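The structure appears below as structure tokens.
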Amino acid sequence: MEFKDDATAFNGAKHAQFADKGRMNQALSVLLMQVLEDAGVPTHFVRQLDEIRTIVKNVEIIKVEVVVRNVAAGSLCQRTWFEEGAPLKEPLVEWFLKDDALGDPMINDDHARAMKLATSEELAFLRSEALRINEVLKPFFLKAGLKLIDFKLEFGRLASDPKTIILADEITPDTCRLWDVESGEKMDKDRFRRDLGNVMESYAEVLKRAEHAVHR
Ligand code: UDP
């Protein structure tokens, strides 16, 4: 797996490059995968090759993007009556079809089964595993002074044993919303999406805080 310096938003309509983004994203993703492994969540992580490349387990990616939300933001606010920042009483899990050409539309269990993306049992596993991951990441980010608003996960079936599903892809400020606990400042890809400036400064701050949180 290689972490690039490219940033895209709005399904690729907005594109830019940020020096050092790949290195910082890999460092954070590897750190978070290890936090999850330590908590008993199996991931694709094997070992880091260099600053931007990681050896991961060979999986067939399940074409369902799993989004978990703790606070309303982003597309949830465009689709529903939730206002940005509204706390959700219980974490909300959503499926999106992993297809850039279609703009990753939201789907439900019936769509996923009809398209043979996953079985009912697999969908139930994705849901419970995503919620378990949320229960590990939420307190971890809180230790780093960051509120985990929402995030996107991808899972894969092991090539060597397709019955086994593990966490794959990445967990970075590109795939999470993270707000500073004190100021509420956005510290994630929304800085790029919304032209808020200081994009890489925020990614660097998230990484620094996460590195400190590991030792606390
Ligand atoms: N997300 C992602 N990749 C996608 C779509 C969403 O990593 O293709 C992440 C996004 O960064 C946010 C969460 O999933 O942390 C929920 O995103 P949302 O549905 O609100 O879509 P957005 O408005 O961010 O595109």
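Given the conditions (1) within 11 Å of the ligand (Cβ to nearest atom); (2) surrounded by fewer than 17 Cβ atoms within 10 Å (Cβ to Cβ); (3) charged (D, E, K, R), and given that Arg113 satisfies all but one, which numbered condition is not satisfied?
(1)
Hey, can you tell me all the residues within the stretch 32-71 that are under 15 Å from the mean Cα position of the chain (by Cα), part of a strand (DSSP E or B) and charged (D, E, K, R)?
Of everything in the stretch 32-71, those that are under 15 Å from the mean Cα position of the chain (by Cα), part of a strand (DSSP E or B) and charged (D, E, K, R) turn out to be Glu65, Arg69.
Any residue in the stretch 131-142 that is more than 15 Å from the chain's Cα centre (by Cα), within 13 Å of the ligand (Cβ to nearest atom), in contact (Cβ under 8 Å) with a residue 24 or more places away in the chain and in a helix (DSSP H, G or I)?
No: zero hits.
Within the stretch 158-175, can one find any residue that is surrounded by fewer than 19 Cβ atoms within 10 Å (Cβ to Cβ), closer than 24 Å to Leu97 by Cβ, at pLDDT 95 or above and within 16 Å of the ligand (Cβ to nearest atom)?
No.
Tell me, please, whether a residue that is out of contact with any helix residue (DSSP H, G or I) (no Cβ under 8 Å at 6 or more places or on another chain), part of a helix (DSSP H, G or I) and in contact (Cβ under 8 Å) with a residue 12 or more places away in the chain can be found in the stretch 78-96.
Yes: the stretch 78-96 contains one or more residues that are out of contact with any helix residue (DSSP H, G or I) (no Cβ under 8 Å at 6 or more places or on another chain), part of a helix (DSSP H, G or I) and in contact (Cβ under 8 Å) with a residue 12 or more places away in the chain.
Mind listing just one residue for me: the one in the stretch 49-64 that is touching a residue at least 60 places away in the same chain (Cβ under 8 Å) and surrounded by 14 or more Cβ atoms within 10 Å (Cβ to Cβ) and, of those, farthest from the ligand (Cβ to nearest atom)?
The residue in question is Lys57.
Only one residue in Val30, Val67, Val46 is of a type in the set (A, V, I, L, M), under 23 Å from Ile149 (Cα atoms) and away from the ligand (no atom under 16 Å from the Cβ). Which one?
Answer to the check: Val30.
The values are calculated or read from the model by the stated rules, or taken from the named source; none is laboratory data. Treat the numbers as computed from the prediction; the structure is a model and nothing was measured. Note that we place each Cβ from the backbone using ideal geometry, even for glycine, and neighbour counts take in every protein chain shown.
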